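Peer 1: The structure's right below; bear with me while I get my questions together.
The values are calculated or read from the model by the stated rules, or taken from the named source; none is laboratory data. Keep in mind that what you see is a predicted model, and the values were worked out from it rather than measured. Note: ideal-geometry Cβ built from the backbone for every residue, glycine included; neighbour counts use all protein chains shown. To get the accessible areas, we keep the full protein, side chains included, count just its heavy atoms, and leave off ligands, DNA and RNA. Shrake-Rupley method; radii C 1.70, N 1.55, O 1.52, S 1.80 Å.
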Amino acid sequence: MMILGITLPVLPLLVGLPLLAAIAVLLISSHRWRTSISTVIAGLQLLIVILAIQTTEASYHYTLGGWGAPLGIGLAADGLSLALLLITAVLVLMISLYSAWYFSDSSKATRFWPIWWLLVAGLNTAFIAADAFNIYVALEMIGLSAVALVALAGTRMALVAALRYALAGLLGSLCYLLGVALLYRAYGTLDLAQLSAQMQADPLSWAALSLISVGLLLKTALLPLHFWLPPAHASAPAPVSAALSALVVKASFFLLVRFWLEVFDPAVTVTAANFLGVLGAIAIFYGCIGACRAQRLKLLVAYSTVAQLGYLFLLFPLAFTNSSLEMFGDAAVAAVTYFIIAHALAKAAMFLAAGNILVSCGHDEINNLNGLARHQPLALFTFAIAGVSLIGLPPSGGFIAKWLLLNVAIDSGQWWWVIVVLAGGLLTAIYIARVLNVAFSQMDSLNISEEMTVTRSRTIGMAACGLTLAILTILLGFNAEWILVLLNGSSPITDAGVVR
Amino acid sequence: MTQDLLYSITGIVLFGIGLFGVIAAAHIIRKLIALNTMGIGVFMVLLAAARHGVVTDPVPHAMVLTGIVVAVAGTALCLWLALQLQLLDSPVPEEPP
């Protein structure tokens, strides 16, 4: 990318900047400087991604140190990567601002900032890695730092959840690594493009695909491998929950899409794709029922993530209609990318709002939140808008995402997924309405713990971050085109038009 | 049976034993040992892949080295979490000066 005549190495910068930030915040002891540096670097990262999208370059490729593919490590970004890098950069900026207030009077800040930037570096690496082993390193960076961030809450519940998350994460990584080892044995390369060119539908490829998929599914928490998600996402500090639900699970899903659609596509069968779709459909219902039964607000939001992740897996049966990607692959990927972005914005907004409620009320038991509408109007408003997007009501990003999904389902003649999508929306409405119902009843009787001494400006700053994300969710519903253009312009798997 | 095939199969068997251990064992230390056994199984498969061709391939060796570093870090993190939990349940009595 050229800016003012200087060639900017976009991809290495996206990995290097967060790592630099991690070291900087580790060395600096002043809280003000730490948050300023984090905000500046988060802003810079967003700027780089926006500039990278604005330039006419269709896709990016970078060979680190000038070493070519079989031996060296490559970085590559296409439209799908850029879309995910953009949503990551936006959320990292907003969550960093929120954390500046959230951790402002706590000793946890010293540990939060370096681990947070390591997590960001891992996410960026996962989105642009062009090499199966580099992806493993990115997965471990994400997994280990996410576990450490969950444990930061310090409660017994959080430590148990973190330990369970760590074991599930390591198990997933090892399955993935064995898959990579089999791939290397069969094809003698780790570069995704070279693997894709040589891929054959033989038993060794199926074994590698199964192991890689199980590893990534464990990290994406698709039912029945979701057991670690609700406790981990519910007991982490609020900004961490937001990042985990909005970004971390999406990274492993993105890699799953890469492997299924771009690397292993000759080896994937319609049955396998439908199997993932069915698991996704069950996850939608299971997650919604879990959310309806949850006693705590953050647990409700965490179960909602299990359900929303289920929608993403409808990609596979829709894309592999008639076992070929040519007909509906592009449209399905576009719909699901849109869904990922809409869900990331809405779910981050929701967790940030839940964090606000938790900080200002001292608890988040849903049945004791009567009168919240008067006490925390801004946080509740954010929660409601995010809820509108999760349900999929117009005019929100969630509506467009579901509409695109329904379109592909009808076009490809798989009407049964339409029922799943609509029923999921209905169930989502039930648990969102449940929270709003309590919040608007008995306005004068809110239970607030006595020891809560939070300054007013701090909660307003935190609420503003959540609200910004919620407003972005709505704006996304008004301006849908650019994401589709971004995907359409540069993805190596798309040639035909997405927008009809 | 060639040597590298024997090593690969041994590695996969180790992976299976470890996987069983992670799922079946109740104690956290047992689970961690099982996870490390799985890791060693994967490393065996990688090392066998290095001898698959005519000349020894250095790339899997680099992967195993990275894998060992990650395994150490992951195990340490899990042990720290387990230790914190243990301390929450039964704090260590302070030693007299």
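Peer 1: Which residues belonging to the range A:133-151 lose at least 10 Å² of 1.4 Å-probe accessible area when the assembly is complete, relative to their chain isolated?
Peer 2: So the qualifying set is A:PHE133, A:TYR136, A:VAL137, A:GLU140, A:LEU144, A:VAL147, A:ALA148, A:ALA151.
Peer 1: Please compute the average number of Cβ atoms from other chains found within 10 Å of each residue's Cβ in peptide A:155-168.
Peer 2: Mean shielding by partner chains, rounded to a whole number: 4.
Peer 1: Using all C-alpha to C-alpha distances in the range B:3-89, build P(r) with 5 Å bins and read off the rounded percent in each one.
Peer 2: Once binned at 5 Å, the Cα pair distances of the range B:3-89 give 3, 15, 18, 20, 17, 11, 7, 4, 2, 1, 0, 0.
Peer 1: Which helices, counted as full DSSP H runs in chain A, have an axial Cα extent of no less than 27 Å and a Kyte-Doolittle average of -0.5 or above? Working shown, then result.
Peer 2: Numbers: long enough: A:31-54 (34 Å, 1.09); A:79-102 (34 Å, 2.00); A:109-128 (29 Å, 1.07); A:132-151 (29 Å, 1.86); A:156-187 (46 Å, 1.33); A:270-293 (35 Å, 1.56); A:329-361 (47 Å, 1.50); A:416-439 (36 Å, 1.85); A:456-478 (33 Å, 1.39).
TM-like helix candidates: A:31-54, A:79-102, A:109-128, A:132-151, A:156-187, A:270-293, A:329-361, A:416-439, A:456-478.
Peer 1: Mind counting lysine pairs for me in chain A? Cα separation below 16 Å, and the two need to be 8 or more apart along the chain or on different chains.
Peer 2: So the count of such lysine pairs works out to 4.
Peer 1: Moving to a separate point now. Please give the average number of partner chain Cβ atoms lying within 10 Å of the Cβ of each residue in A:423-430, rounded to a whole number. Mind showing how you got there, number by number?
Peer 2: Working: counts 0, 0, 0, 0, 0, 0, 0, 0.
Mean inter-chain Cβ contacts per residue within 10 Å come to 0.
Peer 1: Here's a follow-up. Between A:HIS363 and B:VAL69, what is the spin-label point distance in nm, taking each point 7 Å from the Cα along the Cα→C-beta axis?
Peer 2: 4.8
Peer 1: Ratio of the range A:291-500's C-alpha Rg to 2.2 N^0.38 Å, to two decimals?
Peer 2: Numbers: Rg = 19.0 Å, N = 210, 2.2 N^0.38 = 16.8 Å.
The reported ratio for this selection is 1.13.
Peer 1: I've got another one for you. With a 1.4 Å probe, what is the total accessible area buried between chains B and A, in Å² rounded to the nearest 100?
Peer 2: Protein heavy atoms only, the B-A interface buries about 2900 Å².
Peer 1: Any chance you could tell me what percent of the C-alpha pair distances in the range A:63-163 go past 15 Å?
Peer 2: Taking all Cα-Cα pairs of the range A:63-163, the fraction more than 15 Å apart is 69 percent.
Peer 1: Related question: Scale the Cα Rg of the protein assembly as shown by the rule-of-thumb value 2.2 N^0.38 Å and send over the ratio, two decimals. Intermediate results must be reported in sequence, preceding the final value.
Peer 2: Working: Rg = 23.4 Å, N = 597, 2.2 N^0.38 = 25.0 Å.
Expressed relative to 2.2 N^0.38 Å, the Cα Rg reads 0.94.
Peer 1: Ignoring ligands, DNA and RNA, what percent of the accessible area of the protein assembly as shown is carbon or sulfur (1.4 Å)?
Peer 2: Summing carbon and sulfur atoms, their accessible area is 69 percent of the total for the protein assembly as shown.
Peer 1: Can you work out the accessible area per residue across the range B:3-89, with the rest of the protein chains kept in place, probe 1.4 Å, in square angstrom?
Peer 2: Computed with neighbouring chains in place, this is 54 Å² per residue.
Peer 1: I'd like to check one number: the per residue accessible area of the range A:206-320, probe 1.4 Å, reported in Å² as a whole number.
Peer 2: Heavy-atom SASA per residue in the range A:206-320 reads 21 Å².
Peer 1: Moving on to the next point. Please state the relative contact order of the range B:3-89 as a whole percent: Cα pairs under 8 Å, 6+ residues apart? Intermediate results must be reported in sequence, preceding the final value.
Peer 2: Working: 85 pairs, mean separation 24.3, N = 87.
About 28 percent, as a whole number.
Peer 1: With a 1.4 Å probe and all protein chains kept in place, how much accessible area does A:LYS108 have, in Å² rounded to the nearest 10?
Peer 2: Roughly 70 Å² of A:LYS108 is accessible to a 1.4 Å probe.
Peer 1: Name the long-range amide H neighbours of A:ARG296: under 5 Å, sequence gap of 5 or more, or other chain; modelled H, no Pro or chain starts.
Peer 2: Under 5 Å from the amide H of A:ARG296: A:ILE366.
Peer 1: Related question: Would you mind checking the radius of gyration and Dmax of the range A:16-129 based on alpha-carbon positions, in Å?
Peer 2: Cα radius of gyration and Dmax of the range A:16-129 are 15.5, 49 Å respectively.
Peer 1: When the Karplus curve 6.51 cos²θ - 1.76 cosθ + 1.60 is applied with θ = phi - 60°, which whole-Hz ³J(HN,Hα) does each residue of the range B:44-58 get, with x for Gly and Pro?
Peer 2: Taking θ as phi minus 60°, the curve returns 4, 4, 5, 5, 5, 5, 5, 9, 5, x, 7, 9, 5, 9, x Hz for the range B:44-58.
Peer 1: Compute the length gained on full extension between A:SER106 and A:HIS31: take 0.36 nm times their separation in residues and subtract their Cα-Cα distance, giving the result in nm to one decimal.
Peer 2: 26.0 nm
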